[in-house]
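Report on one structure; see the data block that follows.
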Amino acid sequence: MMLILLVLVTSCGTENAPAQFEIDERLIPYYELFLSEAADRGRDLVIPYSFIIDFNHYIDGSGVTRTHKNGLIEIYIHSTDWYRWNDYEREYIMFHEFSHAILKRGHIKNDMSIMTERLYPSLTNYRTNREEMLQELFR
Ligand SMILES: [Zn+2]
């Protein structure tokens, strides 16, 4: 019994990617804000085992979250789009992707949620209903 357990532990260790945390320094403020907004609402978060948060020119759309079987989660933000957005739009996009990655939330049909698939009118609503939409996000 002990031997089987050791083999299982060893095989898990070799299949999993080594733990890593890489985040572009321009994205750190949004990551820290997401953690503090969650904490303010009493939400405990489980941070991915391996996490890469970076820019990429080649993704479809403004942001993408990729979840891998080995525990690695990658978030990529379109680097060209990033410089067109204001700070408020950046927060919205980052919170959307962090919610996929950390809260494990999928898309919903609700224009008063950050997790809607359509950017508009949700993004416009976020400007005037930020608190309400953060409550919905971390509920
Ligand atoms: Zn999404």
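Rule-based calculations on the coordinates, nothing more; no lab input. What you are looking at is a predicted structure, and each value in this text was computed from that prediction instead of being measured. We place every Cβ from the backbone using ideal geometry, glycine too, and count neighbours over all the protein chains shown.
Figures for the structure shown
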quantity	calculated
Some residue of the stretch 64-79 being surrounded by fewer than 17 Cβ atoms within 10 Å (Cβ to Cβ), within 11 Å of the ligand (Cβ to nearest atom), closer than 19 Å to F34 by Cα and among the hydrophobic types (A, V, I, L, M, F, W, C)	yes
Some residue of the stretch 87-107 being without any contact (Cβ under 8 Å) to a residue 24 or more places away in the chain and farther than 26 Å from Q20 by Cα	yes
Subset of the stretch 111-132 (residues that are within 15 Å of the ligand (Cβ to nearest atom) and of a type in the set (A, V, I, L, M, F, W, C))	I114, M115, L119, L123
Residues being within 13 Å of the chain's Cα centre (by Cα) and in contact (Cβ under 8 Å) with a residue 40 or more places away in the chain - total across the stretch 25-50	10
The stretch 114-132, residues that are farther than 26 Å from L72 by Cα and buried (at least 20 other Cβ atoms within 10 Å of the Cβ)	S122, Y126
Count of residues meeting criterion [loosely packed, with under 15 Cβ neighbours inside 10 Å and within 16 Å of the ligand (Cβ to nearest atom)] in the stretch 88-110	6
Unmet criterion (only one of (1) under 19 Å from N125 (Cβ atoms); (2) of a type outside the set (A, V, I, L, M); (3) more than 16 Å from the chain's Cα centre (by Cα)) for E89	(3)
Criterion (within 25 Å of P48 (Cβ to Cβ) and not small (G, A, S)) met by exactly one of R84, R127, R118, R105	R105
